[in-house]
1. On the basis of being surrounded by 13 or more Cβ atoms within 10 Å (Cβ to Cβ), at pLDDT below 95 and closer than 19 Å to T114 by Cα, does G22 make the cut?
2. Can you pull out the residues in region 107-153 that are charged (D, E, K, R), assigned to a helix (DSSP H, G or I) and at pLDDT below 75?
3. Mind listing whichever residues of region 77-93 are outside any loop (DSSP other than H, G, I, E, B) and either surrounded by 13 or more Cβ atoms within 10 Å (Cβ to Cβ) or basic (K, R) (or both)?
4. So is D104 modelled with pLDDT of 85 or more, over 16 Å from the mean Cα position of the chain (by Cα) and closer than 28 Å to E69 by Cα or not?
5. For region 73-99, which positions are aliphatic (A, V, I, L, M) and touching a His at 6+ places or on another chain (Cβ under 9 Å)?
6. Restricting attention to region 41-55, report how many residues are crowded, with 19+ Cβ neighbours inside 10 Å and of a type outside the set (F, W, Y).
7. Against the conditions (1) in a loop (DSSP other than H, G, I, E, B); (2) under 18 Å from Y37 (Cβ atoms), where does I74 fall short? Just the number, please.
8. Among the numbered conditions (1) at pLDDT 95 or above; (2) loosely packed, with under 13 Cβ neighbours inside 10 Å; (3) within 23 Å of V27 (Cβ to Cβ); (4) not aliphatic (A, V, I, L, M), tell me where R98 comes up short.
Amino acid sequence: MELVSGGDLFEAISDRVFTICGTPTYVAPEILCETGYGVAVDIWALGVILYILLCGFPPFRSQDRDQEELFKLIKQAQLHFLSPYWDPISEEARCLVRALLQTDPTVRLTAEQTLLHPWVKAMASMCRQRALTDKTQTNTAEPNTVQTPNAAESLRNQRGITPKKLRYRLSVDADPSSFYIPRSLS
C-alpha cells in the first residue's frame, strides 16, 4: 500500500462535489448523505481497503446483500473488530482504521497524517528492511535493481496467514460489493 501526496492537485480541488457515485462497499457517508464531499472520501475508501487487507472482509456488510441496509450501516459507521479475525492485529493498526473511518470528514485523518501514523511508519520501515535484506541475499545480473516485497504478502507474513488460509478468508464474485462473509459473522 502506498500513499502519495497530491500537492497542488489537492489544493486545486477545494469546492465540494455533490455527485452521488462510488462502489457501494467503499462509499463514504458524506456521499450518501448528499452534503457535499471532497478528497476526504478517498481516505474513507483507504480505511475500508485497510480493514479488508487486515481481516479479509469489509467493515460494513449487509447479511442479505441489501444495498440500502449497507448504506445505513456505512452512515452509522459502527466498527467491530471481530474475533478471531482481528485477534492478531495490533491496537495501532485498529487505531489507524478507526481514524480513517470517521464519519465526520473534518475529523478523519488526511493523507499526510496517515503517512505519519505510527503503524504506517512501522510497516514502511519493515518493507524497507525486507527490501534491503532481499537485495543483499539476491545476486542479480542488474546490480541497481531492488526487489520490494508485495504489500499483501507483508501483511500476511506479519499475521502468519498462509495463501491457503487467505483463499478461504475472502471470496469476491462478479459484483465487487459482494463478499463472502464467514458463517460465524452472519
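1. Details: surrounded by 13 or more Cβ atoms within 10 Å (Cβ to Cβ): yes; at pLDDT below 95: yes; closer than 19 Å to T114 by Cα: no.
Answer is no for this residue.
2. First pass over region 107-153, keeping only residues charged (D, E, K, R): 108, 112, 121, 128, 130, 134-135, 142, 153.
Now restrict to residues that are assigned to a helix (DSSP H, G or I): 112, 121, 128, 130, 134-135, 153.
If the condition is that a residue be charged (D, E, K, R), assigned to a helix (DSSP H, G or I) and at pLDDT below 75, then E153 is the only one that fits.
3. Hits for region 77-93 are E92, A93.
4. Judged against the criteria, D104 is a match.
5. So in region 73-99, the residues aliphatic (A, V, I, L, M) come out as 73-74, 77, 79, 82, 89, 93, 96-97, 99.
L96, A99, listed by residue number.
6. Going residue by residue through region 41-55, those that are crowded, with 19+ Cβ neighbours inside 10 Å are 41, 43-44, 46-48, 50-51, 54-55.
So of that shortlist, the ones also of a type outside the set (F, W, Y) come out as 41, 43, 46-48, 50, 54-55.
Counting residues in region 41-55 that are crowded, with 19+ Cβ neighbours inside 10 Å and of a type outside the set (F, W, Y) gives 8.
7. The one condition I74 does not meet is (1).
8. Unmet for R98, out of (1) at pLDDT 95 or above; (2) loosely packed, with under 13 Cβ neighbours inside 10 Å; (3) within 23 Å of V27 (Cβ to Cβ); (4) not aliphatic (A, V, I, L, M): (2).
The values are calculated or read from the model by the stated rules, or taken from the named source; none is laboratory data. What you are looking at is a predicted structure, and each value in this text was computed from that prediction instead of being measured. As a convention, Cβ positions derive from the backbone with ideal geometry for all residues, glycine included, and neighbour counts pool all protein chains shown.
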